[in-house]
Amino acid sequence: MDAAVVYVHGLWMPGAEAVLLARRLRRERGYRLHFFRYASVRQPMEAIAVALRDAIARIEAPAVHLLGHSLGGLVILHCLERYAMRQPGRVVFMGSPVMGSRSAQMLCRWRLGRWLAGRAVASTLLTRRAPRWNLPRELGIIAGTWPLGLGRLLVPLREPNDGVVTVSETRLPGAKARLDLRVNHMGLLWSAAAAREAGSFLEHGRFGL
């Protein structure tokens, strides 16, 4: 039986945005993606983490890897910090602002922005965190450096960024490997190079294979 990969989407996303990524991982690595969907605006992070824990527990596979895009990485982090997984596996974050998000902070300065961002964002992205990856799973981080996205309409991002998230906001201490690619925030899901590198890390624990 092949290893499984659970994909966790970001804010306002339905999961379908990763169909191309799923096809590439299936073709190149033999991985079948399980799409974990949640109500990113309505649900609090605690409830989302519990639902992810339960979804992972139902998967019968020798290994279960986790792949999170944007807010999805925060969901995975929140879940693994609180709940143990019985299956081994690796983790990849793609454009996940694990150290806080200036774009989210700016959006939530307004009442309408706070409503649009929702409850999960309020509990994870509005303050700059200082966490460390101390979990018994290898973590790889992929960040984008093409500054084209909605985040630049909210706040001037004067350092390398993917148009929404800065590279420094993705840099979680304790990660095994980090990689920057010349793509924007959504391009992390559509890029052939990003899919190839994510698959490399999930399979081998390193980028560049």
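The values are calculated or read from the model by the stated rules, or taken from the named source; none is laboratory data. These numbers were taken from a predicted model, which means no experiment stands behind them. Glycine gets a Cβ as well: all are built from the backbone with ideal geometry, and neighbour counts include every protein chain shown.
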**Message:** Just to check your reading of the model, which residue among Ala63, Ala51 is free of Cβ contacts under 8 Å to residues at least 40 places away in the same chain, small (Gly, Ala, Ser) and surrounded by fewer than 21 Cβ atoms within 10 Å (Cβ to Cβ)?
**Reply:** Ala51
**Message:** For a quick check of your reading of the model, give me the residue pairs whose first member lies in segment 160-178 and is within 19 Å of Leu71 (Cβ to Cβ), whose second is small (Gly, Ala, Ser) and surrounded by fewer than 23 Cβ atoms within 10 Å (Cβ to Cβ), with beta-carbon atoms closer than 6 Å and at least 6 apart or on different chains.
**Reply:** Gly163/Gly149; Val164/Gly149
**Prompt:** Which ranges mark the helices (runs of 4 or more DSSP H) fully within segment 101-197 that have 3 or more residues being at pLDDT 95 or above and closer than 22 Å to Glu17 by Cα?
**Reply:** 187-190
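Would you point out which residue out of Arg29, Arg58, Arg23 is of a type in the set (D, E, K, R) and touching a residue at least 24 places away in the same chain (Cβ under 8 Å)? Outline the logic, then answer.
Numbers: Arg58 fails: touching a residue at least 24 places away in the same chain (Cβ under 8 Å); Arg23 fails: touching a residue at least 24 places away in the same chain (Cβ under 8 Å).
Being of a type in the set (D, E, K, R) and touching a residue at least 24 places away in the same chain (Cβ under 8 Å) holds for just one of Arg29, Arg58, Arg23, which is Arg29.
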**Prompt:** Which residues, counting only those in segment 1-18, are closer than 15 Å to Met94 by Cβ, without any contact (Cβ under 8 Å) to a residue 60 or more places away in the chain and of a type in the set (A, V, I, L, M)?
**Reply:** Met13
**Complete:** Considering segment 39-69, residues that are outside any helix (DSSP H, G or I), at pLDDT 95 or above and closer than 27 Å to Val164 by Cβ, and then whichever is farthest from the chain's Cα centre (by Cα), we arrive at His65
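Is it the case, given these coordinates, that Gly10 is within 21 Å of Pro131 (Cα to Cα), within 15 Å of the chain's Cα centre (by Cα), at pLDDT below 95 and buried (at least 19 other Cβ atoms within 10 Å of the Cβ)?
Numbers: within 21 Å of Pro131 (Cα to Cα): yes; within 15 Å of the chain's Cα centre (by Cα): yes; at pLDDT below 95: yes; buried (at least 19 other Cβ atoms within 10 Å of the Cβ): yes.
Spelling it out, Gly10 is indeed within 21 Å of Pro131 (Cα to Cα), within 15 Å of the chain's Cα centre (by Cα), at pLDDT below 95 and buried (at least 19 other Cβ atoms within 10 Å of the Cβ).
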**Request:** Being buried (at least 22 other Cβ atoms within 10 Å of the Cβ) and over 13 Å from Trp146 (Cβ atoms) is the filter here, so list the residues in segment 161-184 that pass it.
**Result:** Glu169, Thr170
**Asked** If you take the residues in segment 86-112 that are of a type in the set (A, V, I, L, M) and crowded, with 18+ Cβ neighbours inside 10 Å, which one is nearest to the chain's Cα centre (by Cα)?
**Response** Met94
